[in-house]
Amino acid sequence: MHTQLTARRELLLLLSLAGIQFTHIVDFMIMMPLGPQLTRLFDISFAEFGLLVSAYTVAAGLSGLFATTFIDRFDRKRLLLTLYVLFALTTVACGIAPTYGWLMAARIASGFFGGVLSTMTQTIIGDVVPFDRRGRATGIVMTSFSVATVAGVPAGLLFANLWGWHSAFFAIGVLCVAVGAMANYSVPKLDAHVAHAKDKHVLHAMGQVLGEPNQRMALLLSATMMFGVFTIIPYITLYLQNNQIMAAHEIPWLYFCGGVVTLFSGRWVGGVTDRLGKRKTFQRAVLFSIVPMVVVTLLVPMPLPFVLLASTTLFFAMNARMIPGMALLTSAANPKFRGTFMSLNGAVQSFSMGAAAWVGGMLLQSEPSGQVTHYWLCAVVATCASLTAFALAKRVTMHE
């Protein structure tokens, strides 16, 4: 089912997919540091601002479920470009929002299209890149997360500080034009799967995916994999700053150092995944990640280099398990219904992220002094989820 591409064309394709992921991730992440400006401008509470952030993830999860009804019925290239144009338009709509209600509607729409885009990029990797190079390919595309952390969000904040919060969204929209043009050139026509969906009920593909034990196991693996990350990650800044482990002006170093390390280690992890094997690399990375999870949640005031060493190791470990984990999941999908599987997987991951963040918030407590306590409980839950993912990885069969 693979479309043969030259090495140069395949690299350009992967860079295009990475660019699509980059714009989607920056669009999601940019909202959080814009909080002070938006709460003042729209005169909203922190809870209402929190809805703006969470609405994006929930919409992405719902779009994953909706996409299962049509994603395998269209040519991948045409569907990808159509969704990307709609994503760009809704992102620009965020920038021109005159009211809180308008901005909320635009964020929901942007999350809806962005969620399907993430699914499409992973699906195309599975369709185009041969099994023995899929780990490296996933590593290249997933460097977009690191670049978004290191360069995308700081650049967006720079635009916002210089020309207002609107400009951050306009800049993403302009970048979408360039990335979309590159994708139009590099993504080949991919419609071999359409014949399998022809004359089938819209829920046929979903039934085929959920009816196969191996794919159900893979979705459960995906849920536990994400749950083990997002009980901890959303609260790192809150814990470090409120407990006076890092000052507010030092927080950017947290993301910069973590982003740089994952940026330069992503391709290496992808190469190791292909040489050592997706399952074995994932399982080893999961076990390794438990150590920095526990260390970070038990940090006390100490010199900044030691704090950054612990946090950067955590970022590296999380990325090191995501790359082989996603390659494993992509390979676990039945090729005939890979698009449907990846759509369901995107929905499962989005809902798992939301549930994990909610559980983590419920575990945390605040002292009268403002210090955050019981963060270590988040590590306990994350460790349990990670060990479950380790065990499930043994039971997932990959299609070579």
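Can you work out which of the residues in region 172-201 that are open to solvent by 70 Å² or more (accessible area, probe 1.4 Å) and at pLDDT below 80 is nearest to residue 147 (Cα to Cα)?
Taking the candidates together, the pick is 189.
Could you check, for region 337-353, whether at least one of its residues is charged (D, E, K, R) and surrounded by fewer than 24 Cβ atoms within 10 Å (Cβ to Cβ)?
no
What about residue 90, is it more than 18 Å from the chain's Cα centre (by Cα) and not small (Gly, Ala, Ser)?
For residue 90, the condition - more than 18 Å from the chain's Cα centre (by Cα) and not small (Gly, Ala, Ser) - is met.
So residue 302 fits all but one of (1) in a helix (DSSP H, G or I); (2) surrounded by fewer than 15 Cβ atoms within 10 Å (Cβ to Cβ); what number is the exception?
Evaluating residue 302 over (1) in a helix (DSSP H, G or I); (2) surrounded by fewer than 15 Cβ atoms within 10 Å (Cβ to Cβ) leaves (1) as the failure.
Please enumerate the residues belonging to region 364-376 that are open to solvent by less than 80 Å² (accessible area, probe 1.4 Å), touching a residue at least 60 places away in the same chain (Cβ under 8 Å) and not small (Gly, Ala, Ser).
Within region 364-376, 364, 371, 372, 375 meet the criteria.
Go through (1) over 30 Å from residue 334 (Cβ atoms); (2) among the hydrophobic types (A, V, I, L, M, F, W, C); (3) modelled with pLDDT of 80 or more and name the single condition residue 81 misses.
Single failed check for residue 81: (1).
Based on what the data block shows, is residue 317 at pLDDT below 90, crowded, with 18+ Cβ neighbours inside 10 Å, assigned to a helix (DSSP H, G or I) and of a type in the set (Gly, Ala, Ser)?
When the stated conditions are applied, residue 317 does not pass them.
Based on what the data block shows, is residue 168 aliphatic (A, V, I, L, M), modelled with pLDDT under 80 and assigned to a helix (DSSP H, G or I)?
Criteria not met by residue 168.
Quick check on region 312-331. Is at least one of its residues in contact with a Cys (Cβ under 6 Å, 6 or more places away or on another chain) and within 17 Å of residue 285 (Cα to Cα)?
Within region 312-331, one or more residues are in contact with a Cys (Cβ under 6 Å, 6 or more places away or on another chain) and within 17 Å of residue 285 (Cα to Cα).
Can you pull out every residue in region 85-105 that is crowded, with 22+ Cβ neighbours inside 10 Å and closer than 14 Å to residue 31 by Cα?
91, 94, 103
Is at least one residue of region 128-149 of a type in the set (Lys, Arg) and open to solvent by 10 Å² or more (accessible area, probe 1.4 Å)?
yes
The values are calculated or read from the model by the stated rules, or taken from the named source; none is laboratory data. Computed from a predicted structure; not experimentally measured. In this analysis, Cβ positions are derived from the backbone assuming ideal geometry, glycine residues included, and neighbour counts consider all displayed protein chains. Accessible surface is based on the protein model in full, side chains and every heavy atom, while ligands, DNA and RNA are left aside. Shrake-Rupley method; radii C 1.70, N 1.55, O 1.52, S 1.80 Å.
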